[in-house]
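A.B. asks: Structure provided below as structure tokens; questions to follow.
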Amino acid sequence: MKLRILAVTAMMMMLLLSSAFAVAAEPPSSGWLQQQEHPDVKVRLAFTGQIKDGKALATLEVQLDNDWKTYWRAPGEGGVAPSFNHQQLENIAAVEWLWPLPQTYSLQGLNTIGYQDNVVFPLLVELNEQGAFDWQTTLTLSTCTTVCVLTDYKINLSGDTSQWTVYSQRAERFQIARSRVPVQRNTPIEAVWDNDRQLLSLSSAQGIEQIYFYSDDADLNELTFANTRTEGGEAIVKVDHWLETPELSGLEQDQSIAAVIVDETGAFQSPLDITAGAVNNLPTTVHSLPVILLFALLGGLILNVMPCVLPVLGIKLRSLIQSQQKTQARTKFLASAAGIISTFFALGIVVAVMKLSGQAVGWGMQFQNPWFLGALVVITAVFSANLLGLFEIRMPQGMSQKLATQKTSDSHRGDFFQGVIATLLATPCTAPFLGTAVAFAMGADIAVQLTLFVALGVGMALPWLLVAAKPSLVRFLPKPGRWLNWIKPVFGIMMGLTTLWLLSLLIIHHLAPATATPDPGWQTFEQEKIAAAVDDNQVVFVDVTADWCLTCKANKRAVIEQNPVATRLTEADMTLLQADWTTPSDNITDYLRQHNRYGVPFNIVYGPAAPEGIALPVILTDSAVLDAIEQAK
């Protein structure tokens, strides 16, 4: 009897368990949707199985290949934000779309706001009640590269929420995506609107690193916010509209504008409380130009200590010591300064022409050209051979002058030419102040761009101009003597080493990219690897470098390959990506431009706490790298 009771009980428990498993169901998913006419983009909408505060959690995943981008809720100067057009909402009150922190992209002078590679949008689907539902909708997604495509995706999802089980992978995906959405703060940020000058001013106590604006009002969401200048915790923004910019002070509640701010604590979004007033500061294009000019002067001055320039400076000093005459010192150095400034102006003209023709431009890009490298190899080899006493070169058609300038010519063609060569040899790398000035120049109009390139030239020519202005400085130099015969070969050897370096770049250029491989322990850079690694809780260190970049090599030997940084980079939670810009690469150039950089070195760290990346200074230090890694982790 007892055995029979036990058997019946066991059978009933099995029936109950089997019925429970039969009732439980996996939350619905659309699966990956892809249009044949647009195969570079696919989307997937899936529920996680979680319901919180009457809202079912879901994710909309968008995968973008081959540099395609989609848009944020306020797309900027072009594009359309993704949206749903619902055909059926049975037992669904509303669908709330959450927006991860975006990035700014620039294409042919237009700034847009959105996402590249892969993006996951968290969705909160508000239910009328637990139970069956039916959701039929059309997702309209705008995606762009150099062209834009508007694509519709039909999505039909239905089921019974009371029978769902939690799908752990989808739940984790939702939480990661939710962590990238700026925190909502209901306390308004006070802002001042200067209607006469179309300027908006606001501040944040924790500083402002990035700022974006949006509105749920269709007209206000078409405003563009440009020329943003942030200083400390204050931001000054130029506001415009394709028709007419409205009065922004005293807006109705349903017409409010909100700001998304990235500060030292993270990212948050808050409505603006806008009042009318006067904004005294001007936007970036006017206010900061004198500061950028100062940066250009300092950046140009720093170029004088580039290793390849030192042999040319040595040659100039040797000729000056030999002459010991104030008049010759003035004219020689004025000619060399003219060569420097003229070359920078010519570089500015070349960059302007390339920009107008729609080509990508970057600082040091000439070192990616084999003809340019070949010409420099010949020129520096001639300098070296002359200094080593192998022969003397005389220019054709009476332009006779030693390239080592052991004699003085009234025309000073040789001195001018030395200034040209010094400039060309100094331009492969960025440096403190120089990168800021170049980035500003690349995005400015042609007049400002040429002004900044001339300022760079004046900065590099400052030591030369100083001697020209004060020839009496010659008396502080050592007197000529037999020791000059010993120093001459030293400069010849230095110039010869420069020739070998340039020759190695020419050989590398000839062999690439077939032999281009990253350093051991590094992966070849592909931008989509960043998001994938961060999703896997990895910290990503990106090194954009080039074989012709001496600053890159200095960073590598002094910091990246030395402890404690070297040890930290080899730990299991690190992913190392190396982008080799030795030869032209559109992908790397576009990546640099996304971060408002136009030259190398460029290093940036990504991680779960910094999915948008933490850019590192041009000259790396142990503390800068390690602090960024910990912050990103």
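The values are calculated or read from the model by the stated rules, or taken from the named source; none is laboratory data. From a predicted model like this one, the values you see are computed outputs, not experimental measurements. Positions of Cβ are generated from backbone atoms using ideal geometry, with glycine treated the same way; all protein chains shown enter the neighbour counts. Please note that ligands, DNA and RNA were not included when accessible areas were found on the heavy atoms of the full protein model with its side chains. Shrake-Rupley method; radii C 1.70, N 1.55, O 1.52, S 1.80 Å.
A.B. asks: Let me spell it out: the conditions are (1) open to solvent by less than 10 Å² (accessible area, probe 1.4 Å); (2) closer than 26 Å to L497 by Cα, and V625 meets all of them except one. Which number is the exception?
C.D. replies: Of the numbered conditions (1) open to solvent by less than 10 Å² (accessible area, probe 1.4 Å); (2) closer than 26 Å to L497 by Cα, the odd one out for V625 is (2).
A.B. asks: While we're on this one: Just checking, which of A177, A191 is under 30 Å from A278 (Cα atoms) and of a type in the set (A, V, I, L, M)?
C.D. replies: Working: A177 fails: under 30 Å from A278 (Cα atoms).
That would be A191, the only listed residue that is under 30 Å from A278 (Cα atoms) and of a type in the set (A, V, I, L, M).
A.B. asks: So R4 ticks every box in (1) surrounded by 11 or more Cβ atoms within 10 Å (Cβ to Cβ); (2) basic (K, R); (3) modelled with pLDDT under 90 but one. Which box is left unticked?
C.D. replies: It fails just one condition, (1).
Rundown of residues vs (1) over 23 Å from Q116 (Cα atoms); (2) open to solvent by 10 Å² or more (accessible area, probe 1.4 Å); (3) aliphatic (A, V, I, L, M), yes/no style:
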| position | (1), (2), (3) |
| --- | --- |
| T570 | yes, yes, no |
| G599 | no, no, no |
| G613 | no, yes, no |
| E630 | yes, yes, no |
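Here is a yes/no grid of residues against (1) over 22 Å from G49 (Cα atoms); (2) open to solvent by 50 Å² or more (accessible area, probe 1.4 Å); (3) in a strand (DSSP E or B):
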{"residue": "L150", "(1), (2), (3)": "yes, yes, yes"}
{"residue": "I155", "(1), (2), (3)": "no, no, yes"}
{"residue": "S162", "(1), (2), (3)": "no, yes, no"}
{"residue": "V166", "(1), (2), (3)": "no, yes, no"}
{"residue": "R170", "(1), (2), (3)": "no, no, no"}
{"residue": "Q175", "(1), (2), (3)": "no, yes, no"}
{"residue": "R178", "(1), (2), (3)": "no, yes, no"}
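A.B. asks: Scan segment 91-140 residue by residue and report those that are closer than 28 Å to F225 by Cα and assigned to a loop (DSSP other than H, G, I, E, B).
C.D. replies: L98, W99, P100, L101, P102, Q108, G109, D117
A.B. asks: Here's a check for you: in segment 544-554, which residue that is touching an Asp or Glu at 6+ places or on another chain (Cβ under 9 Å) and of a type outside the set (V, I, T) is most open to solvent (accessible area, probe 1.4 Å)? Break it down stepwise before answering.
C.D. replies: We begin by selecting, within segment 544-554, every residue touching an Asp or Glu at 6+ places or on another chain (Cβ under 9 Å); these are 544-547, 552-553.
In the following step, the residues that additionally are of a type outside the set (V, I, T) were identified as 546-547, 552-553.
Details: A546: 3, D547: 46, C552: 11, K553: 62 Å².
Residue satisfying both the conditions and the ranking: K553.
A.B. asks: So, restricting to strands (runs of 3 or more DSSP E) that lie completely within segment 532-633, which ones have at least 2 residues that are at pLDDT below 90? Write out each step before concluding.
C.D. replies: Working: elements: 539-545, 574-580, 602-607, 610-615.
Hits in segment 532-633: 610-615.
A.B. asks: I've got another one for you. Are there any pairs with C-beta distances below 9 angstrom linking a residue in segment 259-278 that is on the phi > 0 side of the Ramachandran plot to a residue that is surrounded by fewer than 17 Cβ atoms within 10 Å (Cβ to Cβ) and assigned to a strand (DSSP E or B), with the two at least 6 apart or on different chains, and if so which?
C.D. replies: Short answer, once both residue conditions are applied: G266/V183.
A.B. asks: With the condition kept exactly as written, say whether any residue in segment 426-441 is modelled with pLDDT of 75 or more, surrounded by fewer than 16 Cβ atoms within 10 Å (Cβ to Cβ) and of a type outside the set (G, A, S).
C.D. replies: Quick first cut of segment 426-441, residues modelled with pLDDT of 75 or more only: none.
Looking for residues that are modelled with pLDDT of 75 or more, surrounded by fewer than 16 Cβ atoms within 10 Å (Cβ to Cβ) and of a type outside the set (G, A, S), one finds none in segment 426-441, hence no.
A.B. asks: Return the residues of segment 337-380 that are on the phi > 0 side of the Ramachandran plot and modelled with pLDDT of 70 or more; say none if nothing qualifies.
C.D. replies: none
A.B. asks: If G78 satisfies every condition in (1) of a type outside the set (K, R); (2) outside any strand (DSSP E or B); (3) closer than 23 Å to Q136 by Cβ but one, which is the exception?
C.D. replies: (3)
A.B. asks: Filter segment 96-124 down to the residues that are of a type in the set (S, T, N, Q), at pLDDT below 90 and open to solvent by 30 Å² or more (accessible area, probe 1.4 Å) and list them by number. Please lay out each step first, then the result.
C.D. replies: Initially, segment 96-124 is screened for residues of a type in the set (S, T, N, Q), giving 103-104, 106, 108, 111-112, 116, 118.
Still in the list and also at pLDDT below 90: 104, 106, 108, 111-112.
The answer is T104, S106, Q108, N111.
A.B. asks: Now, a different point. Would segment 180-194 turn up any residue that is open to solvent by 70 Å² or more (accessible area, probe 1.4 Å), within 29 Å of Q594 (Cα to Cα), touching a Gly at 6+ places or on another chain (Cβ under 9 Å) and in contact (Cβ under 8 Å) with a residue 24 or more places away in the chain?
C.D. replies: yes
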